[in-house]
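**Student:** Before anything else, here's the structure in question.
Each reported figure results from applying straightforward, stated rules to the coordinates on display, with no laboratory input. Because the structure is predicted, anything quoted here is derived from the model rather than measured. With ideal geometry, Cβ positions are generated from the backbone for all residues, glycine too; neighbour counts draw on all protein chains shown.
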Amino acid sequence: MTQPIRTALFVPGSRPERFAKALASGADTVIVDFEDAVEEALKRQAREHLGAFLGEHPEARVRVRVNAPEHAEHEADLAFCKAHAGVIGVLLPKVESAAQSERAAVTGKPVWPIIESARGLLMLSAIAQVKGIERLSFGALDLALDLNLNMDSPAAQIILDQARYNVLVNSVGCGLEPPLDSVYPAISNTDGLFRATQHARDMGFGGALCIHPAQVDTIHRALAPDEQTLDWARRVVAADSGGAGAYQVDGQMVDAPVLLRAQRLLALAGS
């Protein structure tokens, strides 16, 4: 089983002094952002900053959110990702077609499409089937804007949960890694982030994108199984004989799907 990714922390490509701090934050992976967090005049400089950092820290491993497919810097961003071994993945924002995903996959790095529009949702099945796609995510703020939602209303959350459903079904149906939830923009609202993360977890998501190091621990806590659940998972795995048949734990039948769930819970807890 691959190591679960619960947190993917964004750091602006225009703030090189934050790169090392982000990598030391405890996040499962770091995303250097060339897109929304970087003003237009600094797009090329962001690539230069990351190139210099990776040259000075050859052990560093990051992902990059490139500029959107229609942006003037998109091709240069992809070329940068392809050329640097320290870049281990590409986040493709505002993706709306399989062809855009295929172009990003030419980098040879795993691609994470971010669905941020109605058209992206309509094309999600084709996008998810592109070779080189590793996992999906979505951008709630951009999607809400495109769909004309009142972001703070219960009605908007119903629509966004339908987007989560589509992302989840396409992830599972195409054999991708568990999807990541959208960023939670209220950095100081720890309780809200905790509840939102548990909501995404209960909908089958593996974790979340995050925009501040302070969010990392909250997301990890929200995703962590409680001790009673972990004890059950340990006993299920311990009772497995390696055979194909079912067995019992606590008077309940354990078959392959139950065993797999127990293994996933232990992997999530790092056990």
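**Student:** For VAL254, list long-range residues whose amide hydrogen, built 1.01 Å from N in the peptide plane, is under 5 Å from its own amide hydrogen.
**Tutor:** Distant-sequence amide H within range of VAL254: TYR247, GLN248, VAL249.
**Student:** Here's something else I'd like to know. Taking the Cα centre of segment 7-223 as origin, work out the dipole magnitude from +1 charges on Lys and Arg Cβ and -1 charges on Asp and Glu Cβ, in debye rounded to 20.
**Tutor:** Values: 20 positive and 27 negative charges, 92 e Å.
Result for segment 7-223 is approximately 440 debye, rounded to the nearest 20.
**Student:** Still on this structure: Give the separation of the Cα centroids, segment 70-114 to segment 207-269, in Å.
**Tutor:** Using only Cα atoms, the two centres lie 33 Å from each other.
**Student:** How would you rank 165-173, 207-215, highest first, on the average number of other Cβ atoms within 10 Å across their residues?
**Tutor:** Numbers: 165-173: 17.8, 207-215: 21.8.
With the highest mean Cβ count within 10 Å placed first, the list reads 207-215, 165-173.
**Student:** Would you grab the residues whose amide H sits under 5 Å from the one on ILE115? Only those 5+ places off in sequence or on another chain, please, with H modelled 1.01 Å from N.
**Tutor:** SER137, PHE138, GLY139
**Student:** Moving on. Segment 1-153: D in µm²/s via Stokes-Einstein (Kirkwood Rh, Cα pairs, 37 °C, 0.692 mPa s)?
**Tutor:** Details: Rh = 15.8 Å.
It comes out at roughly 208 µm²/s.
**Student:** Which value in nm describes the separation of the simple spin-label points at ALA118 and LYS131, placed 7 Å from the Cα toward the beta carbon?
**Tutor:** For ALA118 paired with LYS131, the spin-label model returns 3.5 nm.
**Student:** Rank these for me by crowding, LEU149, LEU124, LEU91, going from fewest to most other beta carbons within 10 Å.
**Tutor:** Details: LEU149 18, LEU124 24, LEU91 27.
The most exposed by this proxy come first: LEU149, LEU124, LEU91.
**Student:** Tell me, what HN-Hα J-couplings in whole Hz come from the Karplus equation 6.51 cos²θ - 1.76 cosθ + 1.60 at θ = phi - 60° for each residue of segment 182-189, using x for Gly and Pro?
**Tutor:** For segment 182-189, the Karplus curve yields 5, 5, 9, x, 7, 4, 7, 8 Hz.
**Student:** Here's something else I'd like to know. Once R0 is set to 45 Å, what does the formula 1/(1 + (r/R0)^6) return for the Cβ-Cβ distance between ARG44 and GLN263, expressed as a FRET efficiency to the nearest 0.05?
**Tutor:** Numbers: r = 45 Å, r/R0 = 1.01.
Computed FRET efficiency for ARG44 and GLN263 comes out at 0.50.
**Student:** Sticking with this structure for a sec: What helices in the chain pass both tests, a Cα length along the helix axis of 27 Å or more and a mean Kyte hydropathy of 0.0 or higher, using whole DSSP H runs? Each step should come with its number before you reach the end.
**Tutor:** Working: long enough: 154-173 (28 Å, 0.42).
Span-like helices here: 154-173.
**Student:** Leaving out same-chain residues fewer than 8 places away, which lysines sit with a Cα under 19 Å from that of LYS131?
**Tutor:** LYS82, LYS94, LYS109
**Student:** Looking only at the chain, where both bridge partners belong to it, what percent of the DSSP beta bridges are antiparallel (to the nearest 5)? Could the numbers behind the result be given before it?
**Tutor:** On the way: 3 of 27 bridges.
Roughly 10 percent of the beta bridges in the chain run antiparallel, per DSSP.
**Student:** Kindly provide the GluC sites (Glu not before Pro) of segment 66-152 that DSSP labels as loop, not H, G, I, E or B, and whose Cβ sees at most 15 other Cβ atoms within 10 Å. Provide the component values of the computation, followed by the final result.
**Tutor:** Details: sites: GLU70, GLU73, GLU75, GLU96, GLU102, GLU116, GLU134; in loops: GLU70, GLU73, GLU96, GLU116, GLU134.
Of the GluC sites (Glu not before Pro), the ones in loops of segment 66-152 whose Cβ has at most 15 other Cβ atoms within 10 Å are GLU70.
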